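J.: Dropping a structure here in structure tokens format, bear with me for questions.
The values are calculated or read from the model by the stated rules, or taken from the named source; none is laboratory data. For clarity, every value in this text was computed on a predicted model and none was experimentally measured. Here Cβ is always computed from backbone atoms with ideal geometry, including for glycine, and neighbour counts include all displayed protein chains.
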Amino acid sequence: MVAQPLAEKPRRGAGLLAVWRSAPSSFRIGAILLGIHILLAVLGPFIALYPQQQMMAGRPIQGPDLLHWFGTDQLGRDVFSRTLHGGWIVMVLSISGTLLGVAVGSVIGLACGYVRGWVDEVVMRIVEAILSIPFLVLALLAVSMAGPELAGSPVLVVTAVAVIYAPRIARMARAAALDIVTRDYVTVARLRGEPTLSVVRREMLPNAMGVLLVEFAVRAGYAPILIGTLGFLGFGMRPPTPEWGLMISEYRNLLTVQPWAVFGPGLMLSTLVIGLNFFTEGLSRVLGRSPMRGAA
């Protein structure tokens, strides 16, 4: 009797490589761009040639050269070094604000979809009223209502992003909950007498995670634009923080004499947004979801 050879276990690396090869091209492009930005955000402060606030690192309003890849600004600060330092600020603010908005919106939407009745009607009418406000106007209202004490603080920027995203996430989470609440495992949990919070956390949240994951990726793709817009309008981070939108606002007067000062942070912001949108589109295809791509 001939001994049969043992079947080889598939290697984990080979499985990941197969998934990578089978993923849509948009997912791969977005993942590469996003990986580059994450790497620059982590290593940027260490590989920057100059401190972010060092004045007279070169001649003021100097064009790009080997020591100043994006040139210098009015104070002689190296624009490339400031752009690298600003990477982690944009990433942390975007991810933190999106996470907070997804967390709050998921709890509201899943709870309303589970409880239903008059509570659902009242909460959803409030959500729809908030959604009728243009997102930029809503962000400016949230920043203005915080008062001058919190103006320019990272906490306020993160909160403003969460205030905009929470109603949108709540509507999507409620739509997913209305489908999940009819499943047998939710009915069994109800018959066991589990409290509402337990059913939402243990039964509904894990099964709605696919929708929420795609929505998180979509909103995270718009968050840098929102934060950059607030910074450009003067409602975001305070100077001299090297946040990309704020840097574009500070350097817009140099467009005719030193356009690289605007081109540098603008290039980083645009490639980050493009990478996030490609990654989101590919992720939605991988998970078989169709996220809502309306206003941010």
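J.: I'd like the residue in region 247-267 that is of a type in the set (A, V, I, L, M, F, W, C) and surrounded by 22 or more Cβ atoms within 10 Å (Cβ to Cβ) and, out of all such residues, is nearest to the chain's Cα centre (by Cα). Before the answer, list the steps.
T.: So in region 247-267, the residues of a type in the set (A, V, I, L, M, F, W, C) come out as 247-248, 254-255, 257, 260-263, 267.
Narrowing further to those that are surrounded by 22 or more Cβ atoms within 10 Å (Cβ to Cβ): 247, 261.
Numbers: M247: 20, A261: 25 Å.
Once the filter is applied, the top-ranked residue is M247.
J.: While we're here: Within region 60-119, can you find the residues that are closer than 30 Å to A189 by Cα and basic (K, R)? Break it down into steps so the answer makes sense when it comes.
T.: Step one: of region 60-119, the residues closer than 30 Å to A189 by Cα are 99-119.
R116 - this is the single residue of region 60-119 that is closer than 30 Å to A189 by Cα and basic (K, R).
J.: On to the next question. Quick check, is L276 in contact (Cβ under 8 Å) with a residue 24 or more places away in the chain, under 21 Å from Q53 (Cα atoms), touching a Gly at 6+ places or on another chain (Cβ under 8 Å) and in a helix (DSSP H, G or I)?
T.: Numbers: in contact (Cβ under 8 Å) with a residue 24 or more places away in the chain: yes; under 21 Å from Q53 (Cα atoms): no; touching a Gly at 6+ places or on another chain (Cβ under 8 Å): yes; in a helix (DSSP H, G or I): yes.
When the stated conditions are applied, L276 does not pass them.
J.: Looking only at region 100-117, count how many residues are surrounded by fewer than 18 Cβ atoms within 10 Å (Cβ to Cβ), modelled with pLDDT under 90 and either in a helix (DSSP H, G or I) or among the small types (G, A, S) (or both). It would help to see each step written out before you state the result.
T.: So in region 100-117, the residues surrounded by fewer than 18 Cβ atoms within 10 Å (Cβ to Cβ) come out as 100, 103-104, 115-117.
Checking which are modelled with pLDDT under 90 leaves us with 115-117.
Those left that are additionally either in a helix (DSSP H, G or I) or among the small types (G, A, S) (or both): 115, 117.
Residues in region 100-117 being surrounded by fewer than 18 Cβ atoms within 10 Å (Cβ to Cβ), modelled with pLDDT under 90 and either in a helix (DSSP H, G or I) or among the small types (G, A, S) (or both): 2 in total.
J.: Among the listed residues G76, G63, G58, G97, which satisfies the condition of being of a type outside the set (A, V, I, L, M), in a helix (DSSP H, G or I) and touching a residue at least 12 places away in the same chain (Cβ under 8 Å)?
T.: Details: G76 fails: in a helix (DSSP H, G or I); G63 fails: in a helix (DSSP H, G or I); G58 fails: in a helix (DSSP H, G or I).
After applying the criteria, what remains is G97.
J.: Sticking with this structure for a sec: Can you tell me how many residues within region 189-203 are in contact with a helix residue (DSSP H, G or I) (Cβ under 6 Å, 6 or more places away or on another chain), over 14 Å from G105 (Cα atoms) and of a type in the set (A, V, I, L, M)?
T.: So the answer is 2.
J.: State whether one or more residues within region 209-222 are closer than 18 Å to A41 by Cα and free of Cβ contacts under 8 Å to residues at least 60 places away in the same chain.
T.: Yes.
J.: What single numbered condition from (1) under 22 Å from the mean Cα position of the chain (by Cα); (2) in contact (Cβ under 8 Å) with a residue 40 or more places away in the chain fails to hold for D120?
T.: (1)
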